[in-house]
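The values are calculated or read from the model by the stated rules, or taken from the named source; none is laboratory data. A quick note: this is a predicted structure, and the numbers were derived from the prediction, not measured. Please note: Cβ atoms are built from the backbone with ideal geometry, for glycine as well, and neighbour counts cover all protein chains shown. Areas reflect the complete protein model, heavy atoms only, side chains present, ligands, DNA and RNA absent. Shrake-Rupley method; radii C 1.70, N 1.55, O 1.52, S 1.80 Å.
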Amino acid sequence: MFELIGLVSTVLCCLLLLSIAICQGVHVKRSALRLPEASGKRLQARGSDFSIVHVGESPVAGVGVAEIRQGLTHQVIRNLTQDRGVEFDWEILAKNGARVFDSLTFEATIKEPDLLIISFGVNDTTRFTSGSEFNKHVQACGHRFASDNTKVFITSIPKINRFPLIPAPLSWLLGAKAYLLDRQLQKLCRQKGWTYIHSDTNPDASLMAEDGYHPNESGCQVWGGIIADKIIDTRSDRV
């Protein structure tokens, strides 16, 4: 009898937390500050010896910074340029609100890049994309923009449960979903021989834009440094 009462209590508690999380989600969506994508060009093709294509969602599109040169991709390029002493052609393919499925409609100018960086997951988390669909679409994204000689890097899904904007218990629910999708990324990278880039930074207020949801310039510097360090660590003859 007591076990049954405990089970019923647990179920009711979970349902209550889920109801609260749903209400919080509606409120956050309605009240969140909406920042624009950053201004500035997204392509540089000068015939340099090396090339990078970065495909992703809002942080790659520069949401959270004023100009794209302050954003994530440029922070990666700066670190790589300083380490290698070479210039890169680069292209940013990103859209605010995009899921990885949306990347399959993006058109790249730089074909067969030396490096491909894929940064998705937050929008797939908040829209509860299934793990199998997420896996399939990330794989399709890699195949769409990489050649056989391209080094592919997949960035981990940011710790959405720590975003200042998102309250508990909604943050708990989204954090669990992000964790499951991130496991799919790790599995896919092992299968394809791609490089998974884990970021364990804590997205506190000092690294976040005023919306409490996207990285500011300092956040992009930290995240970009982690990505660049991982690329440098996987030194190859081509980079």
Exactly one of Arg127, Arg99, Arg69 is without any contact (Cβ under 8 Å) to a residue 60 or more places away in the chain, under 14 Å from the mean Cα position of the chain (by Cα) and open to solvent by 10 Å² or more (accessible area, probe 1.4 Å), and that one is Arg99
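To keep it simple, each residue is scored yes or no on (1) of a type outside the set (S, T, N, Q); (2) assigned to a loop (DSSP other than H, G, I, E, B).
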| position | (1), (2) |
| --- | --- |
| Asn79 | no, no |
| Asp83 | yes, no |
| Val86 | yes, yes |
| Asp89 | yes, no |
| Ala98 | yes, yes |
| Phe101 | yes, no |
| Thr109 | no, yes |
| Thr129 | no, yes |
| Ser132 | no, no |
Counted residues in the stretch 25-58 being open to solvent by 20 Å² or more (accessible area, probe 1.4 Å) and part of a loop (DSSP other than H, G, I, E, B) come to 14
Looking across the stretch 102-124 at residues that are open to solvent by less than 10 Å² (accessible area, probe 1.4 Å) and small (Gly, Ala, Ser), the single one that is nearest to Leu180 (Cα to Cα) is Gly121
Would you confirm whether any residue within the stretch 226-239 is closer than 24 Å to Ala38 by Cα, in contact with a Lys or Arg (Cβ under 9 Å, 6 or more places away or on another chain) and in contact (Cβ under 8 Å) with a residue 24 or more places away in the chain?
yes
Of the candidates Asp83, Asp148, Asp102, the one satisfying the condition of being in contact with a Lys or Arg (Cβ under 9 Å, 6 or more places away or on another chain) and of a type in the set (D, E, K, R) is Asp102
Flagged in the stretch 143-200 as assigned to a loop (DSSP other than H, G, I, E, B), polar (S, T, N, Q) and open to solvent by less than 70 Å² (accessible area, probe 1.4 Å), in numbering order, are Ser147, Thr150, Ser156, Ser199
In the set Gly71, Gly40, the lone residue that is at positive phi and modelled with pLDDT of 95 or more is Gly40
